[in-house]
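Here is the structure we will look at, set down as structure tokens.
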């Protein structure tokens with residue numbers, strides 16, 4: 001029940017989200033004075049309410065303020081709602097973090113944006129967290145969808161591994177930027193190639209060949225070891241790679257064989273050391289102008305420079 005400026009009393013329905021907001025304003029002083037603000041409330045009355053809050057002060061924890069010391073404040077709200085479950089979570093402008101928070105009390109390992117324009121996202125959880133994230137009859141994920149205004153698909157790690165998530169993400173980006181020809185795609189895995197034969201992908205995957213560069217390195221003999229894939233199918237895959245992948249060949253660098261000595265010219269030696277080399281007048285060993293004695297015979301050295309006569 002709220003009193004308006006004109007003095008009339010407005011009775012709020014116990015199933016209304018405004019009723020929940022009014023209770024929090026009564027029980028939590030920080031909500032009443034706007035230190036902590038409620039971003040959004042979603043609710044299925046009698047079952048569960050999700051509440052996203054944020055703080056206008058860095059030194060005030062919005063969730064902690066609503067829960068209260070030893071849960072005193074939130075217990076008062078729950079009693080008023082006749083035992084209805086309440087999830088208080090922190091609002092975040094980053095949709096990934098907000099979606100993670102919205103699926104509480106489940107622990108979300110990762111959130112992947114599938115289509116930002118259509119607000120489609122994928123939440124990845126451990127097997128033990130799947131039922132908690134979805135909730136009884138899908139209640140938890142349904143409320144999370146309404147709270148963040150995104151369509152959230154919850155998958156386990158195993159289910160996520162089986163998805164061609166890269167292709168879905170590329171399609172989403174292509175739609176986001178308009179013409180697909182203007183969007184340059186970079187492929188590294190064979191499965192990412194558009195229109196690739198899935199039977200060929202699976203056959204190569206069984207042989208631990210998932211990357212394009214690994215496939216291109218295979219010899220004809222090695223390709224014959226893959227069962228169920230014809231030469232024509234491999235040729236078609238090569239053509240598909242040529243159409244969609246820019247292959248940059250590295251320049252061959254001559255390798256130095258063991259025991260081989262690379263010849264270096266006198267000019268190169270002078271460039272490397274920065275000093276011109278001479279021969280010792282006594283033993284013929286190589287000496288430079290910074291030496292005072294020959295490193296070979298020990299004779300004293302001195303260098304005299306003659307000026308060129310014009």
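Computed from the coordinates by the stated procedures, all read-outs in this text should not be read as laboratory data. This one's a predicted model, so the numbers in the text were calculated from it and none came from an experiment. Note: ideal-geometry Cβ built from the backbone for every residue, glycine included; neighbour counts use all protein chains shown.
Worth a mention:
- Backbone N under 15 Å from the residue 54 label point (7 Å along Cα→Cβ), restricted to region 135-161: 148-149
- What separates the Cα centres of region 20-49 and region 91-149 is a distance of 21 Å.
- The residue 146 and residue 109 beta-carbon pair, evaluated with R₀ = 25 Å, returns a calculated FRET efficiency of approximately 0.65.
- Modelled spin labels at residue 85 and residue 35, positioned 7 Å past Cα toward Cβ, are 3.1 nm from each other.
- With R₀ fixed at 25 Å, the C-beta to C-beta distance from residue 130 to residue 162 puts the FRET efficiency at about 0.95.
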